[in-house]
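One structure is given below, encoded as structure tokens.
The values are calculated or read from the model by the stated rules, or taken from the named source; none is laboratory data. Treat the numbers as computed from the prediction; the structure is a model and nothing was measured. No Cβ is skipped: glycine too gets one built from the backbone with ideal geometry, and neighbour counts run over all protein chains shown. Surface areas here come from the heavy atoms of the whole protein model, side chains and all, with no ligands, DNA or RNA. Shrake-Rupley method; radii C 1.70, N 1.55, O 1.52, S 1.80 Å.
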Amino acid sequence: MAKPVQRLHGDEWMNAVDEPHYFGIRHLSPAGSYHLLELLRRVKPTAILIEGPSDAGAIAMQLTSRGVVPPVALLAYTEQLPIRMLLYPFADYSPEYQSLIWAKQNGCHAAFIDLPTDVSLALMDKRKARMVEEADDTPSDNDPSECLPRFALMQRDLYARIAELSGEPDYESYWERCYEHNLQAGSYQRAILHYSTEMRALTEQDEIRLAPQEAAYNEIRESFMRRKIYDAIAEGHQPEQIVVVSGAHHTIALSLQLPIMTDEQIARLPRVKTKMTLMPYSYYKLSSHSGYGAGNEAPAYFELLWQCMKQEELDKLPALYLSSVAARLREQGTWRSTASVIEAVRLAEALAYMHDGARPTWKDLRDAATVLFGYGEFSVVAEALARTDIGTAIGSLPEGVSQTPLQDDLNRELKRLKLEKYKTLVAEALELDLRENRRVKSVESAYIDLNRSVLLHRLAVLGIRFARKQRVSQKDASWAEHWVLQWSPEAEIETVESTLKGETIELAAAYAIHEELMACSDIEAAARLIRTSCECGLPQIMSQATSALQQLAVDAGDFQQIANTVLELSVLLQYGSIRRFDTLALVPLLQQLFLRGTMMLQEAANCNDDAAANMISAVHAMHAVALEHYEEVDEALWMSKLKELAERDDRNAKCSGYAFSILLERNEADEEQCAKEVSRRLSKGMPAELGAGWFEGLSMRNRYALLSRDYLWRQLDVYIETLDVGSFKRSLIFLRRAFGTFESREKAGIAEMLGDLWGHGAESIGEALQRPLNEDEKEQLNELNDFDFGDL
């Protein structure tokens, strides 16, 4: 059980003999960085010890390498699945980052002193497991899994009370006005120490009671950090020449007057195998909007605050911020004058004075922008404020900085394929032509778009969200691909996660597809994996997937799965040559499955209306394959089975109607046959839902073929006239569904055709359609709303 920390108080603790200089910070605090640098310049330490993973070592030192542009993050992850991660992000104004920069510039030793990541991740697992065990052994009204949220709620209420007592709208405004704006020398260090000491005294007992696992974890961390401070002194650094930088909550607990962790205790700490890397980060991910718990709401604003602090021009911040908001508004087409900016600055300063502040806070500036730029409407300025507050900045790392093998391989591939410029936060379109470019000399250049496509498909398989494939507008353009490329910190994390699957993009993609293949249990999934391996340029995996499909095809008995599989194979055969793959081995599979699907058509069409939609999609797929591969498959047998389905009354009416529409399209049914079938299906003795359902299926293909056959509409007109009122209304649900997919001009064409049939003329019918409904017509339509359609 964790115990309360024994403590000294105030200057007595800060000036204790044989104690280092302790500097408590709030992560992502510009004022923290400003005052920390002031302390470092005054003390000129020989060692700076920073709260951070002690196993980072050389990787942490690479944060200060030439070419590193914050925001960046140090990412630690487990070597085994499931991957667990720890993330340590840094902005340019992070006190930890600035202390590393100062140490490098002044030849000072710098090191992280918190628990190594292998221990932190192992303890994370144990904390979760322990909470689950306690939850199983505890009555539901005192569930430990609810204790940590309750402790967090208690802290939130405490912060809200502090804001209320200070007269601020929220805790962030209180913090900024009292700490970030205070540039008096030495004040920040003393104020933070006093504040964190009192806050810890207020919350420590509740943390032990409500969140014992969290309290114990913090005690382990603090004991370990005290040991690292002791080790630094043992290495020859004088205590007065050491500066310890830690989160304010831990500062009071790092005194060497408290027990340190022994070698035996360190050896007993649990561990898991981990790896570590650096990665670019973004201001959005640093913001609390992304869910990052230690973030702030406006990282770009605090970057601006930091720049003003460095230049000793903090009074310019309101004008710079509000000018930026006005510029964003102008980019959106909303003009705001310089005079409006000046008035907004004055209003922000007035709001600050009303709160006894020396300068406006971020909330004061936002309120001023809402009033002067949005005229009181926040929606007017919301986007401009978001861009100014959060920004779109993303960090970067130069070549040579520590990365996983997969990250290095991805960067090489992006450079080789000239895709580096797309590695930004801004989405950009990329159109690819997979055909050989015969106008260039080298093979690499001739197939650069094809190779780009292979890389993007491999990234998609790995779940690295860098590229999104778009629909191709040109019909049957198997050689064209449209992508939208956009990099993000999430993509970087996903790249790191994929390292477990292989050290190159190619190997990792092959492993991922192979894993799916091992779990594959139906022919449709196997066919998709054949196509995926082809798109990823992996012939060996494609052969394995083909073998798997052959084995699964032996027992295949689902018509829809067979149809979808046949369509996948058809697509592969169509563009296999473009991707420079030999697809001849797929032809026998296509023939075998197509024949089986053809023989199963009649049985599969014996379904209800709910299943008819998927059934029709499957028939459509089979017929598309028959048209495209008429030399490879038995098209004549397929057409004969369609004719049989069209004639049968004991199968789903919509499926029969759809089959008959294919016969019409292929001119397999003449006018006499069509009139006979229509009169049979749309006769008085046929239930209304069956007749209308058949017509719905008929209308799902080739509208021009239907509109050009006036005898079909004559027969439909005769059929409608024979229905009584009840049957007519029941048929409406099917007819409305059928005509609901028609375009307006097609509906107008049908109405004009019927006008001619009724002897009113197409022109008069067209005019009638344009007239508003009268009261009688509206009443008739309203009556339909009350009609009971039963189970339909």
- Message: Exactly one of these conditions fails for GLY357: (1) within 24 Å of GLY167 (Cα to Cα); (2) open to solvent by 40 Å² or more (accessible area, probe 1.4 Å); (3) assigned to a loop (DSSP other than H, G, I, E, B). Give me its number.
- Response: (2)
- Message: For region 82-100, check the following and say yes or no: at least one residue is over 26 Å from the mean Cα position of the chain (by Cα), surrounded by 16 or more Cβ atoms within 10 Å (Cβ to Cβ) and farther than 17 Å from TYR281 by Cβ.
- Response: yes
- Is one or more of the residues making up region 557-564 among the aliphatic types (A, V, I, L, M), at pLDDT 90 or above, farther than 24 Å from ALA621 by Cβ and over 26 Å from the mean Cα position of the chain (by Cα)? no
- Query: Does region 674-685 contain any residue that is over 21 Å from THR741 (Cβ atoms), hydroxyl-bearing (Ser, Thr, Tyr), at pLDDT below 80 and not in a helix (DSSP H, G or I)?
  - Reply: yes
- Query: Quick one: would you say ILE493 is within 30 Å of GLY391 (Cβ to Cβ) and of a type in the set (A, V, I, L, M)?
  - Reply: yes
- If you check LYS676 against the conditions, is it more than 30 Å from MET542 (Cα to Cα) and either surrounded by fewer than 15 Cβ atoms within 10 Å (Cβ to Cβ) or out of contact with any Leu (no Cβ under 9 Å at 6 or more places or on another chain) (or both)? yes
- Quick one: which helices (runs of 4 or more DSSP H) sit completely within region 244-331 and have at least 2 residues that are acidic (Asp, Glu)? 263-268
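So is HIS21 surrounded by 24 or more Cβ atoms within 10 Å (Cβ to Cβ) and more than 27 Å from PRO398 (Cα to Cα) or not?
no
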- Selected residue (criterion: least open to solvent (accessible area, probe 1.4 Å)) from residues of region 168-185 that are at pLDDT 90 or above and more than 36 Å from the chain's Cα centre (by Cα): HIS181
- So which residues in region 230-277 are among the β-branched types (Val, Ile, Thr) and in contact with a strand residue (DSSP E or B) (Cβ under 6 Å, 6 or more places away or on another chain)? ILE242, VAL243, VAL244, VAL245, THR251, VAL272, THR274, THR277
- Query: Are there any pairs with C-beta distances below 8 angstrom linking a residue in region 740-767 that is in contact (Cβ under 8 Å) with a residue 40 or more places away in the chain and closer than 16 Å to TRP713 by Cβ to a residue that is assigned to a loop (DSSP other than H, G, I, E, B) and open to solvent by less than 90 Å² (accessible area, probe 1.4 Å), with the two at least 6 apart or on different chains, and if so which?
  - Reply: PHE742/SER699; ILE750/PHE742
- Of all residues making up region 543-564, the number that are of a type in the set (Val, Ile, Thr) and closer than 18 Å to ALA605 by Cα: 1
- Within region 362-381, which residues are open to solvent by 40 Å² or more (accessible area, probe 1.4 Å), at negative phi and free of Cβ contacts under 8 Å to residues at least 12 places away in the same chain? GLU377, PHE378, SER379
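Table: residues versus (1) surrounded by 18 or more Cβ atoms within 10 Å (Cβ to Cβ); (2) modelled with pLDDT under 95; (3) of a type in the set (Gly, Ala, Ser); (4) in a loop (DSSP other than H, G, I, E, B).
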site	(1), (2), (3), (4)
THR334	no, yes, no, yes
ILE342	no, no, no, no
GLU383	no, yes, no, no
LEU406	yes, yes, no, no
ASP409	yes, yes, no, no
- Could you please find all residues in region 581-633 being closer than 24 Å to SER661 by Cβ, in a helix (DSSP H, G or I) and of a type in the set (Gly, Ala, Ser)? GLY597, ALA604, ALA611, ALA612, ALA613, SER617, ALA618, ALA621, ALA624, ALA626
- ALA605 fails exactly one of (1) open to solvent by 10 Å² or more (accessible area, probe 1.4 Å); (2) within 30 Å of GLY726 (Cβ to Cβ), namely (1)
- Message: Which numbered condition in (1) buried (at least 17 other Cβ atoms within 10 Å of the Cβ); (2) under 22 Å from LEU590 (Cα atoms) is the only one that THR499 fails?
- Response: (2)
- Item | Check on ASP433, closer than 18 Å to ARG416 by Cα, in contact (Cβ under 8 Å) with a residue 24 or more places away in the chain and surrounded by fewer than 17 Cβ atoms within 10 Å (Cβ to Cβ) | yes
- Query: Inside region 536-555, can you point out the residues that are part of a loop (DSSP other than H, G, I, E, B) and open to solvent by 70 Å² or more (accessible area, probe 1.4 Å)?
  - Reply: VAL554, ASP555
- Message: I'd like the full set of residues that are among the hydrophobic types (A, V, I, L, M, F, W, C), in a loop (DSSP other than H, G, I, E, B) and modelled with pLDDT of 75 or more, limited to region 467-501.
- Response: TRP479, TRP487
- Message: Could you check region 385-394 and list, in sequence order, the residues that are open to solvent by 80 Å² or more (accessible area, probe 1.4 Å) and in a loop (DSSP other than H, G, I, E, B)?
- Response: THR392
- Query: Taking the condition surrounded by fewer than 19 Cβ atoms within 10 Å (Cβ to Cβ), part of a helix (DSSP H, G or I) and out of contact with any helix residue (DSSP H, G or I) (no Cβ under 8 Å at 6 or more places or on another chain), does GLU214 pass?
  - Reply: no
- Filtering region 162-191 down to residues that are under 23 Å from GLU313 (Cβ atoms) and hydroxyl-bearing (Ser, Thr, Tyr) yields SER173, TYR179, SER187, TYR188
- Query: SER287 fails exactly one of the following numbered conditions: (1) closer than 30 Å to ALA382 by Cβ; (2) modelled with pLDDT of 90 or more; (3) open to solvent by less than 40 Å² (accessible area, probe 1.4 Å); (4) not basic (Lys, Arg). What is the number of that condition?
  - Reply: (2)
- Only unsatisfied item for ASP356, checking (1) touching a strand residue (DSSP E or B) at 6+ places or on another chain (Cβ under 7 Å); (2) on the phi > 0 side of the Ramachandran plot; (3) among the charged types (D, E, K, R), is (1)
- Quick one: which residue in ALA480, ALA460, ALA446, ALA491 is out of contact with any Pro (no Cβ under 7 Å at 6 or more places or on another chain) and either open to solvent by 70 Å² or more (accessible area, probe 1.4 Å) or farther than 23 Å from GLN574 by Cβ (or both)? ALA491
- Could you run through region 564-592 and say how many residues are without any contact (Cβ under 8 Å) to a residue 60 or more places away in the chain and touching a helix residue (DSSP H, G or I) at 6+ places or on another chain (Cβ under 8 Å)? 18
- Task: Select from region 502-535 the residues that are part of a loop (DSSP other than H, G, I, E, B) and in contact (Cβ under 8 Å) with a residue 12 or more places away in the chain and write down the one among them that is most open to solvent (accessible area, probe 1.4 Å).
- Result: GLU503
